[in-house]
Structure formats: C-alpha cells, structure tokens
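Read the figures in this text as sums done on the coordinates, not as results from a lab. Model, not experiment: these values are computed from the prediction. Methodologically, a virtual Cβ is constructed for each residue, glycine included, from the backbone with ideal geometry; neighbour enumeration extends over all protein chains shown.
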Amino acid sequence: MPKGAVVTVCLIGDKINKAIVDRFLDHPEVRKCFPAAWKPPNDKTFCLCAPRVSLGSSSIQFGDHIVFTGDCGVTRLYKDGIGSAYRTARACATTLVFWGYSKDVLARHFQPVCDAIATDNRLGGRIFRLFELFRTTRFLNRAVLSVTQWEQEIPADQRLMSMTLWDMFSGTASYRSIFKRLLLSPKFLIRFALEILIALLGEMFLACQLFWRRIRRSKFLSDGCVT
Ligand SMILES: Cc1cc2nc3c(=O)[nH]c(=O)nc-3n(C[C@H](O)[C@H](O)[C@H](O)COP(=O)(O)OP(=O)(O)OC[C@H]3O[C@@H](n4cnc5c(N)ncnc54)[C@H](O)[C@@H]3O)c2cc1C
C-alpha cells in the first residue's frame, strides 16, 4: 500500500520465499511503479516475513471491566487492520468515557461496532471465494479481464469491475458497499454476463477443436494400422 513516498509490498501465500519476492519486484509491470533507478536494497530489514496476520474476530471482544480492541478483538478480513483498530479503539474510548465499563454497557455501545466489522467480514469472505472462482476458472478469468479492459474506455466513475478489484485488494471500501454497488448495476451485470457467455463459447469452441483433432489423429493412426 502506498504511504506518501513509501510503499509496503505484501505477498500473501503458502510458500513465499525470497526468489518469489525478487521475481515479483522484477516484473516489468511492478518495476513501472518504482523510480527507474530503484533497486531492492541488500539489507536484512528490507524484506521481512510476518507469517501470521489477524483476519477476523476473537471469540469474545469484551467482558466486565475488560475490552479487546484492534487485532486482538476484531479486525477486517485481509485489509485495513489499522482502520478497524482505530474504529474499535474509538468505540471503546467513547463507551468508557460516556457510558461506563460494565459488560452490559459494552454490549450496548461497543459490541455493535465489532458486529458490524464481523458481518462485513462474512460478506467479504463470500466475495473473496467468488473472486477465487473467477481466478481459477479460465473462462471466468477471461471474462473479468475482458470487462476490465472494456472499462478502460468508459469514464472512471463507471468502471465497476476495476473499482471492485481495487477496493477488494486495497480495503478502501466496505465489502457491503462493494457488493451493493455490483448488484445494483444492471448495465454492469449484463455486460459481465455477456462476457462470461462469450468466454464460455470460446472455451467450448477450443474444446471441440481439440476433440476433433484427437479423433482425426486416432482415425489416421487406425487407418495407418489397417493398411
Ligand atoms: C505483514 C502485515 C502487513 C500489514 N499491512 C497493513 C496495511 O497495509 N494496512 C493496514 O491497515 N493494516 C495492515 N496490517 C494489519 C495491521 O498492522 C494491524 O491490523 C494493526 O497494526 C493492528 O493494530 P493493533 O494496535 O491492534 O495491534 P499492533 O499494531 O500489533 O500493536 C500491538 C502492540 O502490543 C505489543 N505487545 C504485544 N504483546 C505485548 C505484551 N505482552 N506486553 C506489552 N506489549 C505487547 C506489540 O509489540 C505491539 O506493539 C498488516 C499486518 C501485517 C502482519
């Protein structure tokens, strides 16, 4: 994420190692985001491994005279942990200053903030699963790419797929607003459905071509065997 003149690059996955990090930073598209003369420094603090990150809620966020804020209470799924730490800390401070610190008071004034984040995370989980399906299914992946390419020709505030991808990975918007924005745009949905159909037909055409080629080859071989 860019922070002024500084950027933190996080690669998330099961088997991330230095070779993968180097390859990522060396990719032409990534290089374009950095000053031309920039090179990864060779010191040990430049690349750190933080294998654990908080992704959701703890089973309890408060009790009598005790509150958990930030990562140890509830945090947003995959992103904006600082934002949710701030929101839960603010809700905690407001409750303590204006209402008190008993369990009941916290349940009334602090819990709704935690619940809102947890509910949004559940929706976020579903959206991520959907995008994982788009990523791993070739024709769906192609449809997402086609819509994103097509969107580059329309005004920026109408680029729903691009905005969604940006919001999903940057944490700028809540998952609820991402979901609502997508569902409430029939023009986008029709276009996306059309691209899915085109990509699916393309995929079927390729599969048929491959099938025919195989049949012809096996027929050729069996003819060859007969003569
Ligand atoms: C690799 C990585 C990248 C991230 N990138 C982003 C990002 O780009 N944007 C974003 O919004 N969020 C990001 N996050 C999440 C974000 O860092 C956290 O959600 C946020 O810092 C949580 O704030 P916190 O105050 O709850 O906890 P922390 O910031 O972890 O603060 C807890 C503090 O308590 C101290 N502590 C722990 N145990 C004890 C103890 N027993 N006694 C005394 N002190 C103790 C710790 O040393 C630490 O200083 C990232 C997290 C990771 C791991």
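Here are a few things to note about the model shown:
- Global geometry of the range 152-227, whether rounded, prolate or oblate, following the gyration tensor of its Cα atoms and the 1.5 cut on a/c: prolate
- GNM remark for the chain: springs join alpha carbons under 10 Å apart, and the peak mean-square fluctuation among R138, R159, R23 falls on R23.
- Burial ordering of D115, D14, fewest other beta-carbon atoms within 10 Å first: D14, D115
- Summary of packing: across the peptides 127-134, 82-89, 15-22, 46-53, the per-residue average of other C-beta atoms within 10 Å ranks them, highest first, as 82-89, 127-134, 15-22, 46-53.
- Extension gain, R214 to L123, is 28.3 nm, computed as 0.36 nm per intervening residue step minus the present C-alpha separation.
- Put in order of Cβ neighbour count within 10 Å, fewest first, the listed residues D43, D104 become D43, D104.
- For the pair R181 and S162, label points projected 7 Å from Cα toward Cβ lie 1.2 nm apart.
- Distribution of pairwise C-alpha distances over the chain, 5 Å bins, in %: 1, 5, 9, 11, 12, 12, 12, 11, 8, 6, 4, 2, 2, 1, 1, 1, 0, 0, 0, 0
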